[in-house]
Every structure is written in structure tokens, then in C-alpha cells.
């Protein structure tokens, strides 16, 4: 059972960047092209970047709404809970849902910064990443440093610059780096190459676990084009399955024994099956494939990978096959998977039959230890 | 525990078509273009179709080999167990592994007949499908009708012809129809359309469960291009996950209440997680998406879908969340996943802690009931 004095730590939530995040921080020369909000009719807000409309709100900010309203969705700042973008209101919403601390991914920026990667002006893009990180460190998390865990982005399209940003933000208190789950899907080298080694080494040396949010490199591929959107949504975890197997079969964990990877919002119920299947394939195919034949994929998982769930009875039932110490909780505020304001209640129900010490590890201790939080 | 008198039924194995399957059955005008074996140096055999080399053997026929030999792989009929293609030798190999009955998919033809779909001459392609089915019904299964369950192909690129082939083969004793898990990946309409309705209706009316073999529509999409082959192999089940969710969110089971689908070789350990996640998405998104809001995806699964495993401790541990009656066994002879000749031993070890009646259902009874076998 979840002990009453557990201070729940969620490792996957989302901050909605307010309208002045970039306008206030970018160099003067970049102000015109900077991400900024264009107010339209009917309270509609649209992000404009490099002079082009880029994204609206909608399903990203539905916390507290009835699912019957999801189709219409909030269209602007005036139609979402202030907790989406205001740090004080966020704390109040966390109190209401029974979550003590959380780690937030960007909204406009994309969970791993892909919005910036698509910019024509790569210097502007790198400036935007730095401005976002400064916002997270100096404003969003600084408001309540004991309740917000700083997650930073990197300009992943430029490895030396990304290394520098890891080092810069680590010195400022960053606790995790958001990286793509499948860089090859953006036309970049995969984790099987040595392209990412300097960046992964920087994360390892700074003791910053890497968070790979599902769908950070795009939605699942191969879904029927005429399937409704929620077929893809239900399948988002498939991306994490693929990222997990890809990493376990890559040289990454052999090269960086101190590296830790969190599969953010991935769900956990699939992990025992996937580890068993991957070990099974490794046993049969490791001789003709170029893979490390010394360590089983499931051993690499145990030493390097963390799962993350919101509602996953199948995963909790299998927690010993996953590794109790490797399970983290995700509230996912203010996204549709969120159970706000019933977050703690829904979590506690799942942990009802779990011994107190294990429940406490899953809901709080594992995240605190992994992210060294608070410092 | 698996009772000693259980006659294990495997619902996913593979027959290697012998060299004269099509030469003996195709109309005279088609003989030259028919699939035929070209014998090369060093015992190498290559399938030639429409005058073009199409495929070699290799990993498809490794039963009994040490994994250390997988890289080289059998190159021709002379280098594989006769049980691959000879019905009498197959029975002997089944006796050796402790499997009483099995259902075989094609090898050269592709698990759902995709090799024929790629032919330039679509009449030839349809003739090839018919010849394959006649081979399965009159030769392969007829040799031991109490031990081989006939699975047939259809010319899926032509729905009326496919309907006719279902009706023709049902009358001849077919027990299952192999269909694509993701037709949209071959440029055909998806299961969300009404394109397949006549074919699905024909299967329903003939009481023929549909078998969807993983990777029948191609390997998982989105794998790193420089990942070793076995990353993809370890991820084959992802295709079944996607097919499962796709079907549960489609109109298929609402339109055809008598239709049954087997996810062949899919593994089962992922099922509870996937059903929970799909229900969760359905609860939140069914109002704005065009989906049947009356029945939960997990209910549709319970009434329509069957899983299939070879080695899956995670799945057996979760058998009640899956549905004991919906679990089928796969030996996968002569593929690399096979445990031949230790098949029954490996199965029995997995069922060691399972009550006898449940073990018997999983290893034998469910398949007999689903496929009405023997008649």
C-alpha cells in the first residue's frame, strides 16, 4: 500500500511555455524570428516561429477536462488551466492531485527539441534551446526547486554544441537530458553508430540520466493511414519498445557503463515480454550478428534502463520481473493520459497490494535516487 | 503441469514447398513462369519465379542446427532436415519433439502469399495460390489428416477471387485462412475500410479462423538501418501488437461477430499491457474519434482474438489476464525460434506451475476447439 507520507515524484509531465519564454531571452537580432504567440479570433493562440505558424494547443493541455470535450480542445491560454504555464498555479494543481515533485518536458519545443531542429536558421535553433533551458532552470524550476526537477534539451543536430549545453546546464543544476528515442528516424545516425558517443559520454560524466520520451522522434510507423488518431495514441508505447530493444542491442551500454536511460511515458507492462524475447533472439542470433555476446540484453536493462507508468496494472503485477527499483511514476499533467486531479488516488489503487517499501520506491524513492533529487 | 497424455497442437509451423509443388499443378501455359528450383554450385538451391531468382533458404530452415551455424545457414534441400519438406519425415520430427499436430504456413509463398502478390502476371499468381492450397490439402495434410491442420492462402489482391478460394478450400477441409496483418503496408485498403468485408464475411460464414502471422506484411518499420538483423527479429512481435490494436479499434469485429483472429507467432506477454493501454485510450478518446463506443477493446479481444507463444514465461504468468482459453502454442519448426527437438520439454517447463486443466487447454484443447480439429 502507498504509505500516506510518501511524497509522490512524477518523472513525466509537461510545461506549456508562456508567450515570452523566447522573446525575453533571445539575442536582439533573433527577436523577429523567435517563437511567439499570435492571438487569433475566439481566444485562439498559435505559436509562430521564423514567421510561420507552427502549432496550436489542443490535446496537449486538457487536464481537468471531461473526455467528451477532447475533440474541441483548448485553443489558447485563456482556455487551459493556469497550472499549464504558471509555476505557482502548477504547484496548486500538484497539491490537488497529490504529487509532490515532477519533471517537465517542453510542449511547443517538442519533447526532445524537434521543433527547433526543423528551423531554417540553426544558430537561432541553438539559441532557442539555450533559452528554453534557462527558462526551465531559472524560472520554472527555480520557483520551487524542491518540487521541480530540471530536464534540459540539447541542440542534438550539432553534437559538440550539445556536449557544451550538457556541461553548461549540468553546472546550473540540470538533472536529466531529453534525447531522441530514434534519431535515425530524423535522418541522423542511429545509436548503433559512434556519432553520439561524445554526447552520451557528457551525460555519463555529468551523471545526468537521459530521458527518452515516447514519440520524441515521431509517431509509430506503419499505422493504417485511415485509422483514427487514437490507434496511433494507443500504440505510442511501441516506439519505446523499439527504442529499448535498439539500445540493448547497440554498443551504447557497453561503451558507457554509467549511462542511465528512462523510457518516459512508455508504460511498463511490456517490459518482461520484451526482455524475454530479446534475450531469446540474442541467444539464437548473437553468433552471426555483430553484438556483444558477453552480456544478455536483460542484464543491460537491469543496469541501465528505467520504465515509467501512469496506469499499468499489468506492469505493477510484474514488477519483480521488471525490477522494482527501475519503475518510475508519471502523472503526465496536463496531457490526456493524466488522471488529474485524481492522480494519487489512481496511483494508490494500483499499489494497493504492493508492500509499502516497494510502493514507496516506485512512487518516490527510485526517482529521487536516479535524479539525485533534491541535490 | 502438462499432463503426459496431452497431445500438443502447434498452430504455427512452416512447410518448405518441394521443388515440384507448382510444376505439377499449374496449367501447361504457366509452367515456364512457375516457381521452380534452380540448382547451383555447392548444393545451393534458389527459387526462380517468372524467370527471376526470388529467394534462397537460410534462416528459414535451421531446425536442429546449432545457433553457431546460423550465419551460414542451409543453402539448399540437401542441407536441411527432410522434415522441412517431406511429410513422413515431418511426422518423425514431430514425434521427436513431442508435438502431435501442427498447422503450417508456406515458406517460398510468404506467410500470407505475398510472394505471389508481387508477380507481374496476376492470373499466374492466383493459379499459384490455388496450387499451393491443393498441395496443402491433397498432399501435405492428406498424408496425416489427424496431425496436420490445413491452412490456406487467398489471392488477397482480388477480393472476389479470394472469396471464391475461401469457399472452395473450406469445402475441401481447410481449417484456417492466412491473411495479412497490415494490408495497408502493401498499398491495399486497411481493415478500417469496407474493402475486406466480403472476404471476412466468407471466413466467418465458413467458420474459418483467420491466422495473421507476424511480419506477413513486412518487417517492423522504423528500425535503425544499421541495426543488426536481430534487432528487427526481436521486434517482430511489434507488428502483432499493431495489428491487434488496429483490429480492435476497427469496425471488423463489430461487423463480423463470428470472426476469430489468431496472432500467429506473436508472443503473448504483451497482451495484458496492450489491452489495458488500448482500453485506457478508448476511455479518453472515443468521444472525438470515430470508434464504436459501446464495447471496450478488451471485450472485443476476449471474443475474437487468440495469442500464440513459443517461449513466453511472462505470458504464461499473466494467462488469466489474457484469457487461458485464448492462448495457443507454436512450435515454429523449422525456424530459428523453434526448440526442436526439445519442444515439448521447453513447453512443459513453462507450464510447470500451471494447473493441469489449464496446461492442457493451452497445449492442445484451445487449438482443437478453435480450428474444429479433427473434424
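Normalised by 2.2 N^0.38 Å, where N is the number of residues, the alpha-carbon radius of gyration of segment B:253-375 equals 1.16.
Distance from the alpha carbon centroid of segment A:312-363 to that of segment B:252-282 works out to 24 angstrom. Over all projection directions, the Cα-based convex hull of segment B:154-198 averages an area of 3.1 nm².
Each residue of chain A gets 138 Å³ once the volume of the Cα convex hull is shared out per residue. Both radii are taken from the alpha-carbon atoms of segment B:72-164; with Rh as the Kirkwood radius, Rg/Rh is 1.02. Sorted from shortest to longest, the distances between the residue A:172 label points of this copy and the other copies are 7.2 nm, with each point 7 Å from Cα along the line through the beta carbon.
Classified by the C-alpha gyration tensor, segment B:29-92 has an oblate form. Its axis ratio a/c, with a ≥ b ≥ c, is 1.5 or above, and a/b does not exceed b/c. Peptide packing for A:269-275, A:334-340 was compared via the average number of neighbouring C-beta atoms within 10 Å per residue; ordered from the highest value, the list is A:269-275, A:334-340.
For segment A:97-149 versus segment B:77-103, the spacing of their alpha-carbon centroids is 60 Å. Each listed q (0.19 Å⁻¹) maps to a log10 I(q)/I(0) for segment A:86-232, found by the Debye formula over equal Cα scatterers with no solvent: -1.15.
Each of B:333, B:280, B:143 was scored by other Cβ atoms within 10 Å of its Cβ. Arranged with the fewest first, they read B:143, B:280, B:333.
With contacts taken as Cα pairs under 8 Å at a separation of at least 6 residues, chain B carries a relative contact order of 21 percent. Potential lengthening of the chain between residue B:226 and residue B:52 amounts to 59.8 nm, from the contour at 0.36 nm per residue minus the alpha-carbon distance. Note on A:239-248: average number of Cβ atoms from other chains within 10 Å of each residue's Cβ is 5. Label-point distances for residue B:353 to the equivalent site in the other copies, using a point 7 angstrom along Cα→C-beta, read 1.3 nm when ranked shortest first. With a Förster radius of 41 Å, plug the Cβ-Cβ distance of residue B:369 and residue A:287 into 1/(1 + (r/R0)^6) and report the FRET value to the nearest 0.05. Taking R0 as 41 Å, the efficiency between residue B:369 and residue A:287 is 0.55. Considering only segment B:1-139, what is the antiparallel percent among its DSSP beta bridges, to the nearest 5? The answer is about 65 percent antiparallel.
The label-point distance for residue A:255 and residue B:139, in a model that sets each label 7 Å from Cα toward Cβ, rounds to 5.2 nm. The same position residue A:51 in the other copies lies at 5.7 nm from this copy, comparing label points 7 Å beyond Cα toward the beta-carbon, shortest first. Considering the rotation that superimposes chain A on chain B, the residue of A whose beta-carbon lies nearest the axis, and that distance in Å, is A:221, 2.
Entry note, chain A: the mean residue ellipticity at 222 nm calculated from DSSP H runs of n ≥ 4, each adding -39500 (n - 2.57), is -9000 deg cm²/dmol after division by the residues and rounding to the nearest 500. For the protein assembly as shown, the Kirkwood hydrodynamic radius comes to 27.3 Å, computed from all pairs of different C-alpha atoms.
Ellipsoid fit via the Cα gyration tensor, segment A:184-264: semi-axes of 28, 13, 10 Å, each the root of five times an eigenvalue, largest first. Bridge orientation summary for the protein assembly as shown: considering DSSP beta bridges with both residues in this region, about 25 percent are antiparallel.
By the gyration tensor of its Cα atoms, with a ≥ b ≥ c the square roots of the eigenvalues, what is the shape of segment B:2-48: rounded for a/c under 1.5, prolate for a/b over b/c, or oblate? Because a/c hits 1.5 or more and a/b fails to exceed b/c, segment B:2-48 counts as oblate.
With each label modelled as a point 7 angstrom along the Cα→C-beta vector, the residue B:121-residue B:7 pair spans 4.2 nm.
Since every read-out is calculated from the coordinates, none of them should be taken as a lab result. This one's a predicted model, so the numbers in the text were calculated from it and none came from an experiment. Note: ideal-geometry Cβ built from the backbone for every residue, glycine included; neighbour counts use all protein chains shown.
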